[in-house]
Amino acid sequence: MPDPSPAATLLFLREEELRQGIDLLYFAARDFSHTADALLAEQGLERVHHRILHFVGARPQMPVTELATILAITKQSLGRALETLLEQGMIVQKPGTSDRRQRLLSLTEQGAAFEKQINDRFRSRLAKAYRDAGGPAVEGFRKVMLELIEPEDRRRFERQGAPGR
């Protein structure tokens, strides 16, 4: 006997649709991230370095503790990656104005140029996908992605603010 529940009538909630959704997320994340891998490798950097550049570029003077929270990595892991970016002259670190123990991060000119070079590739790929999918699909995608992230992070994506702010 078929399941009479309302959820059973929603075709997009069928097991095969959910499994395909998971597959699509894996493939999209893999291929989207791959967009930057060659540029990062040329600089001896990894994906974590790009994520740091991306979020610090979106919010100059970002405290290290906030960045560690956004990236969901330990301060120790973040410290190793930051050290590389500091050595390469892509990030500067300054003490906080009210709390000198606080470390505030900003991109250097070189870091901003590199972050832009990588993100231009991402923007191009995303813009094409958005154009091809159309406005309603883009809004649907946004809604689904917002539901996938933790509720406390959703506030970062309010329409008037830029992501990561």
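The values are calculated or read from the model by the stated rules, or taken from the named source; none is laboratory data. These numbers come from a predicted model, not from an experiment. Neighbour counts are summed over all protein chains in view; Cβ atoms, including those assigned to glycine, are modelled from backbone coordinates with ideal geometry. We work out accessible area using only protein heavy atoms, side chains counted, and drop any ligands, DNA or RNA first. Shrake-Rupley method; radii C 1.70, N 1.55, O 1.52, S 1.80 Å.
How large is the translational diffusion coefficient of the stretch 14-87 in µm² per second when you combine the Kirkwood radius over alpha carbon pairs with Stokes-Einstein at 4 °C and 1.567 mPa s? Provide the component values of the computation, followed by the final result.
On the way: Rh = 14.1 Å.
Here the translational diffusion coefficient equals 92 µm²/s.
What is the calculated FRET efficiency for Gln93 to Arg19, with r their C-beta to C-beta distance and R₀ = 45 Å, to the nearest 0.05? Working shown, then result.
On the way: r = 44 Å, r/R0 = 0.98.
According to the calculation, E is roughly 0.55.
Collect residues whose amide H, placed 1.01 Å from N in the peptide plane, falls under 5 Å from the amide H of Met62; neighbours closer than 5 in sequence don't count.
Sorted by chain and number, the residues that satisfy this are Leu105.
Provide the packing ranking of 49-57, 32-40, 96-104, i.e. peptides ordered by the mean count of other C-beta atoms within 10 Å per residue, highest first. Don't jump to the answer; show the numbers that get you there.
Working: 49-57: 22.3, 32-40: 14.6, 96-104: 11.6.
Going from most to least packed, we get 49-57, 32-40, 96-104.
Quick one: accessible area per residue over the stretch 1-129, 1.4 Å probe, rounded to a whole number of Å²? Could you put the intermediate results ahead of the total?
On the way: 8480 Å² over 129 residues.
The answer is 66 Å² per residue.
Could you run the Karplus curve 6.51 cos²θ - 1.76 cosθ + 1.60 with θ = phi - 60° over the stretch 131-138 and give me ³J(HN,Hα) per residue in whole Hz, x for Gly and Pro?
Result, rounded to whole Hz: 4, 5, 7, x, x, x, 5, 4.
With a cut-off of 8 Å between alpha carbons and a minimum separation of six or more residues, what is the relative contact order of the stretch 37-117 in percent? Write down the numbers at each step before the final one.
Values: 88 pairs, mean separation 26.3, N = 81.
Relative CO of the stretch 37-117 lands at 32 percent.
Starting from the 7 Å offset along Cα-to-Cβ, what nm value, one decimal, do you get for the label separation of Leu148 and Asp31?
Result: 1.4 nm between the two label points.
Any number yet on Rg/Rh for the stretch 77-164, C-alpha, Kirkwood?
Numbers: Rg = 17.3 Å, Rh = 16.1 Å.
Across the stretch 77-164, the Cα-based Rg/Rh ratio is 1.07.
Percent of accessible area on the stretch 61-165 owned by carbon and sulfur, 1.4 Å probe?
Working: 3780 of 7040 Å².
Summing carbon and sulfur atoms, their accessible area is 54 percent of the total for the stretch 61-165.
Could you tell me what % of all Cα pairs in the chain have separations over 21 Å? Spell out each step's value before the answer.
Numbers: 7853 of 13530 pairs.
Pairs farther apart than 21 Å: 58 percent.
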